[in-house]
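As structure tokens, the structure follows; a few thoughts come after it.
Please treat every number below as a calculation from the coordinates, not as lab data. In this text the structure is predicted, and so the values were computed from the model without any measurement. Neighbour counts are summed over all protein chains in view; Cβ atoms, including those assigned to glycine, are modelled from backbone coordinates with ideal geometry.
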Amino acid sequence: MAQVESIEPVVEVSPHGARTEVFTVPATEAFLQPLLTELFEAHWDKIVFGPIIQGAAYEIRAARQPESIALNDGYLTVVFGVSHFHLCIGDTVGSPSHPTPDALRRERRTSRAEFFRGLDDEGCPCTWGLRLFNGAGDQQMTVFLPNPFIGDQDNILPAPDWDRLALWEDLGRRYLHREPDGRDRTGAGFSHTG
């Protein structure tokens, strides 16, 4: 895993006023490959993933552990049987007879990667995850981590289950070099932050 210093968050405000606390991490193949491989190999049954763009939100749960995860020509490929996806996290050169043009290489590749906490109206975290954006600024993928306010069936829990923050806290220690700051347990419930 590529080493990074302790990362301090920045709060971003969307055009419609939603606030998100962002922890920017290296958008490199060396950093992203082990992180994504871990998420999909070890935590496939706990995460929800897909692109979240204006007008569409793909919130996918894997039905089973991936059969394979491989990196080829800059693309991480995660195979769940018939279903699979390709995510360009590194340099894609194409083949000798069909090389990828430089501009397309820059556009396809992840150019921004960030862990995030979505904030409610009081500034308390209510969603946790990882987002990747390509060179054109388009979202490639969001990975939502287990949420203490939402159960495994996307049901609102009657009381917060703070144990569901274990993955966020573990990833924060190892990838952001940050100890839990206590803010994650200040929220009162789920709030749509999109």
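Quick check: the distance between the Cα centres of segment 24-80 and segment 148-194, to the nearest angstrom? Each part reduced to its Cα centre gives a spacing of 19 Å.
Give me the mean projected area, in nm² to one decimal, of the convex hull enclosing the Cα positions of segment 27-104.
On the way: hull surface 26.5 nm².
Convex hull of Cα atoms, orientation-averaged projection: 6.6 nm².
Of the GluC sites (Glu not before Pro) found in segment 5-91, those that fall in a DSSP loop while having at most 13 other beta-carbon atoms within 10 Å are E5, E59, E67.
Rounded to a whole number, what is D in µm²/s for the chain from Stokes-Einstein with the Kirkwood radius over alpha-carbon pairs (37 °C, 0.692 mPa s)? Don't skip to the answer; put the middle values down first.
Numbers: Rh = 17.5 Å.
Translational D for this selection: 187 µm²/s.
The charge dipole of the chain, taken about the Cα centre with unit charges on the Cβ atoms of Lys, Arg (+1) and Asp, Glu (-1), comes to about 320 debye, rounded to the nearest 20.
From its DSSP helices (H runs of at least four residues, each -39,500 (n - 2.57)), the chain gives a residue-normalised ellipticity at 222 nm of -4500 deg cm²/dmol.
Defining a contact as two alpha carbons under 8 Å apart and six or more residues distant in sequence, what relative contact order in percent does the chain show?
21
Just check segment 73-147 against the gyration tensor rule for me: Cα atoms, a ≥ b ≥ c as the square roots of the eigenvalues, rounded for a/c under 1.5, and otherwise prolate or oblate depending on whether a/b exceeds b/c. In terms of gyration-tensor shape, oblate. Computed from Cα positions, the angle between helix 29-42 and the longest principal axis of the chain comes to roughly 60 degrees.
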